[in-house]
Amino acid sequence: SYYHSKPNRSGPVLTVSSSGAYAGFVNIYYEDIFASDCFTIEPNNLLDIEYLFRVLKSNQERIYELTTGAAQPHIYPKNFENFRIPLPPLEIQKKLVDKINKYQGEIKSNLEKNQELESKINDVISDLYN
């Protein structure tokens, strides 16, 4: 059913992990991938793939709640039947993605600054021992 050296999905594509500890985890891949133990969502002409990713990612906790099974959690496409996704025009979707990406850039920049400050705190403590 699969080839070990060939992708079975073309990017961009969304994946939703189907089972195990990460059942329901949403991710996006821009390159071709080999998808297994997940289901995938591919772009269409009504829905920008990155917009859909952002909407699903912002609902990640809610998606985890859709999983079933205690010992081995699972999630299936049918679990998404009643999952509502706002569907503004493509132009608006793209503008929202641009805005979100800008915020993501600020978050990344702030995380790097926080790591820098944490390092300085550790240096101050280390200096106490010297």
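The values are calculated or read from the model by the stated rules, or taken from the named source; none is laboratory data. Computed from a prediction, not measured in an experiment: that's the story for all the values here. Here the Cβ is made from the backbone with ideal geometry for all residues, glycine too, and neighbour counts use every protein chain on show. For accessibility, only protein heavy atoms count, side chains too; no ligands or nucleic acids. Shrake-Rupley method; radii C 1.70, N 1.55, O 1.52, S 1.80 Å.
A few notes on this one:
- Inter-residue pairs, beta-carbon under 6 Å, first in contact (Cβ under 8 Å) with a residue 60 or more places away in the chain and in the stretch 65-94, second open to solvent by 60 Å² or more (accessible area, probe 1.4 Å), 6+ apart: none
- Tally of residues being touching a strand residue (DSSP E or B) at 6+ places or on another chain (Cβ under 7 Å) and either open to solvent by 90 Å² or more (accessible area, probe 1.4 Å) or under 16 Å from G11 (Cβ atoms) (or both) across the stretch 21-36: 7
- Subset of the stretch 76-93 (residues that are open to solvent by 100 Å² or more (accessible area, probe 1.4 Å) and either assigned to a helix (DSSP H, G or I) or of a type in the set (A, V, I, L, M) (or both)): K78, L87, E91
- Among the residues making up the stretch 45-58, those that are part of a loop (DSSP other than H, G, I, E, B) and hydrophobic (A, V, I, L, M, F, W, C) are L46, L47.
- Of the criteria (1) open to solvent by 60 Å² or more (accessible area, probe 1.4 Å); (2) at pLDDT below 95, which one L66 fails: (1)
- Check on E61, open to solvent by 90 Å² or more (accessible area, probe 1.4 Å) and either farther than 23 Å from S19 by Cβ or outside any strand (DSSP E or B) (or both): yes
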